[in-house]
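Working notes, beginning with the structure itself.
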There are 2 protein chains.
Amino acid sequence: MTALGHAAPTTFSGPPRLTGARKGASVIVLGAGLAGMLAAYELAKAGYKVQILEYQTRPGGRNWSLRGGDSYTEVGGATQKVAFAPGNYLNPGPWRIPYHHRGLLHYCQQFGVALEPFIQLNHNAYVHSSKAFGGKPQRYREVAVDFKGHISELLAKAVNQNALDDKLTKEDRERLLEALRGWGVLDKNMAYSSSLKVSAQRGYDHAPGGGVDGAPTPSQIFGLKDVLDPKIWNTMSFYFNYVMQTTMFQPVGGMDMIGKAFARQVRNLITYNAKVTKIAQGENGVTITYQDIPSNAVREVKADWCVCTIPASILSQLDVQVS
Amino acid sequence: MTALGHAAPTTFSGPPRLTGARKGASVIVLGAGLAGMLAAYELAKAGYKVQILEYQTRPGGRNWSLRGGDSYTEVGGATQKVAFAPGNYLNPGPWRIPYHHRGLLHYCQQFGVALEPFIQLNHNAYVHSSKAFGGKPQRYREVAVDFKGHISELLAKAVNQNALDDKLTKEDRERLLEALRGWGVLDKNMAYSSSLKVSAQRGYDHAPGGGVDGAPTPSQIFGLKDVLDPKIWNTMSFYFNYVMQTTMFQPVGGMDMIGKAFARQVRNLITYNAKVTKIAQGENGVTITYQDIPSNAVREVKADWCVCTIPASILSQLDVQVS
């Protein structure tokens, strides 16, 4: 959301300090997702009379987890039955929290949501492309180490051929070569090749250990062609992205722990099964028309203000009359 | 330990299957660290009569955590009193478990030690050298992104000057330039310079957000000299090391949760406060002499076998008579 320009979490320096609600002033909040529940929570705290209308039968909106025993009927009508083992879950909505989403982190702390690290970058995980390495998955670390080794060798070669003398002072030149030798794990001839030293980064064929067979054997590096071909640099770059870097967080036990914690603060304000059909703004407030889904009854509620968190894709289908 | 060649965890394929203990055969284990307790556990399970002698008043050896209220008297006599807030702890011994320490991970699971990720690499942490960047700490990501940007620019320049034509086919050349442009975040002139695209990796001066001031402003990159000078490549390389890569683990609540879990399995076998002074091997077994520290009493115990896990630095000071 940050990257899309839809939120400004880095400017968060504490919850809003809302005061001075007009006596008896009322607010209808549309949607019991995190945004709606948080708005309701802060407005109620400030003295407003608040109610939330929610289409679904649960709070949290996109903040959601699926566990064994759950079932979900998709828009097209297909029903998914979840058969995960106890303790397992899947977050079909958001599933990771960047360290700089300070607003959310604040409310997790305030509402008692236990967080744990989210493993975003795992050097030992496999990267897989059906078009690369003969379709065989490779360890991230193997390919990433070989990529930096090969480009270090190439750059060192260019430097030593004086190809970059117009860009580098003599001192920069020496420092750069030292850096490439260390960072790229080049040998004494400034070449990148299979060795125990390289294996100490990319992994061994046989890891060092104790006992009779304790001596390590190096692994075979990939060629330059191999690491350029599958665009592995694309995969590596992903983890350099500001919003995707370590450290990230997740709630212990599933992402919906956040929605549930928010809902504990505003549970008496939520009306579920309320399908909003019309939003009409008048001179003295706003009138919301909704259908009570189980009974099909059409109802109207009025308030001085409305906070609408209905997604734009749904909102565009409603009868909205605002000045 | 793996890197030092003292262990062979990668060959672990399950606990040892010990059977056929001679009826009544006995083993003395010296040391109630993880190695000693594990040996005692497996030997006792196999039918041996086992006892453990431990110098200290607690199990775990180097596997240890300090919490508020603890105190520890160092060899020189100085006493450290720990005044951490509740829930905080420090692991003065080992504090992280690489993913490939399969033996330890096996026993953590078997003995019910809850593990959690250990954050080894944090892109948002500061790197600090009193000699670099005017002594001012810098974010890891800022320096790491600038390092790869600058070397990408230099290598692209060399490639475009045909300095590496003897090493690269025309196809490799094109692929390499594409990789450097993407991985190094170079601009259309293949230069590394401050931009919103670069800031999306290294961080912004003002991050993108909503509202009136939502437009992001790019951050200023460091120069090539700056990122070579502090040997930041050394810091970056650390996380490429096979034994230091993500993902790593730690026990929930402190490293000593492992020693405590091991001790629950063998608690009746441990004699604490036992300072071993002599190890004597004879024709029919081994005799261990130790001092009971509180009473100063000297005692002897005999067994058919001895498993010694006393550190070599201590062992070298003892009277050891083995054939």
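The values are calculated or read from the model by the stated rules, or taken from the named source; none is laboratory data. Quantities reported herein were computed from a predicted structural model and do not represent experimental measurements. As a convention, Cβ positions derive from the backbone with ideal geometry for all residues, glycine included, and neighbour counts pool all protein chains shown.
Some notes on this structure:
- Checking B:MET37 against (1) within 28 Å of B:GLY87 (Cα to Cα); (2) in a loop (DSSP other than H, G, I, E, B); (3) of a type in the set (A, V, I, L, M, F, W, C), the condition it does not meet: (2)
- A:PHE238 meets each of the listed conditions (1) surrounded by fewer than 19 Cβ atoms within 10 Å (Cβ to Cβ); (2) within 28 Å of the chain's Cα centre (by Cα); (3) in contact (Cβ under 8 Å) with a residue 60 or more places away in the chain apart from (3).
- No other residue among A:ALA280, A:ALA297 is more than 10 Å from every other protein chain (Cβ to nearest Cβ) and in contact (Cβ under 8 Å) with a residue 40 or more places away in the chain apart from A:ALA280.
- Among the residues of the stretch A:255-290, those that are crowded, with 18+ Cβ neighbours inside 10 Å, closer than 14 Å to A:VAL320 by Cα and in contact with a Lys or Arg (Cβ under 9 Å, 6 or more places away or on another chain) comprise A:VAL286, A:ILE288, A:TYR290.
- Count of the stretch B:203-247 residues which are at pLDDT 90 or above, within 17 Å of B:TYR140 (Cβ to Cβ) and touching a strand residue (DSSP E or B) at 6+ places or on another chain (Cβ under 7 Å): 2
- For the stretch B:130-159, the set of residues classified as part of a helix (DSSP H, G or I) and among the charged types (D, E, K, R) consists of B:ARG141, B:GLU142, B:ASP146, B:LYS148, B:GLU153, B:LYS157, listed by residue number.
- Of all the criteria given as (1) at the interface with chain A (Cβ under 10 Å from one of its Cβ atoms); (2) surrounded by fewer than 20 Cβ atoms within 10 Å (Cβ to Cβ); (3) in contact with a Ser or Thr (Cβ under 8 Å, 6 or more places away or on another chain), the one not satisfied by B:ASP172 is (3).
- In the stretch B:175-202, of all residues being facing chain A (nearest Cβ under 7 Å) and not basic (Lys, Arg), the one that is nearest to B:ALA125 (Cα to Cα) corresponds to B:GLN201.
- Residue match in the stretch B:203-221 (condition: at the interface with chain A (Cβ under 8 Å from one of its Cβ atoms), closer than 26 Å to A:LEU180 by Cβ and out of contact with any Pro (no Cβ under 7 Å at 6 or more places or on another chain)): yes
- Meets criteria (over 35 Å from the mean Cα position of the chain (by Cα), crowded, with 16+ Cβ neighbours inside 10 Å and closer than 20 Å to A:ALA163 by Cα) for B:LEU186: yes
- Yes/no for A:ARG62 being within 30 Å of A:ASN268 (Cα to Cα) and either within 14 Å of another protein chain (Cβ to nearest Cβ) or not in a helix (DSSP H, G or I) (or both): yes
- Residues of the stretch B:291-323 satisfying the condition of being surrounded by 14 or more Cβ atoms within 10 Å (Cβ to Cβ) and in a loop (DSSP other than H, G, I, E, B): B:ILE293, B:ASP304, B:THR309, B:ILE310, B:LEU318
- Filtering the stretch B:70-129 to residues that are hydrophobic (A, V, I, L, M, F, W, C), within 30 Å of B:PRO230 (Cα to Cα), in contact (Cβ under 8 Å) with a residue 40 or more places away in the chain and assigned to a strand (DSSP E or B) leaves B:ILE97, B:PHE118, B:VAL127.
- Restricting the stretch A:124-146 to residues that are more than 8 Å from every other protein chain (Cβ to nearest Cβ) and touching a helix residue (DSSP H, G or I) at 6+ places or on another chain (Cβ under 6 Å), the residue that is farthest from B:LEU177 (Cα to Cα) is A:ALA125.
- When the stretch A:253-264 is filtered for residues that are within 15 Å of the chain's Cα centre (by Cα) and of a type outside the set (Gly, Ala, Ser), the ones remaining, listed by number, are A:MET255, A:ASP256, A:ILE258.
Yes/no per residue for (1) out of contact with any Cys (no Cβ under 8 Å at 6 or more places or on another chain); (2) under 20 Å from A:VAL301 (Cα atoms); (3) modelled with pLDDT under 95:
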residue	(1), (2), (3)
A:ALA8	yes, no, yes
A:THR19	yes, no, yes
A:SER26	yes, yes, no
A:ALA32	yes, yes, no
A:MET37	yes, yes, no
A:GLY68	yes, no, no
A:HIS100	yes, no, yes
A:HIS106	yes, no, no
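- Verdict on A:LYS302 being away from every other protein chain (no Cβ under 14 Å), over 30 Å from B:THR247 (Cβ atoms) and either modelled with pLDDT of 95 or more or under 21 Å from the mean Cα position of the chain (by Cα) (or both): yes
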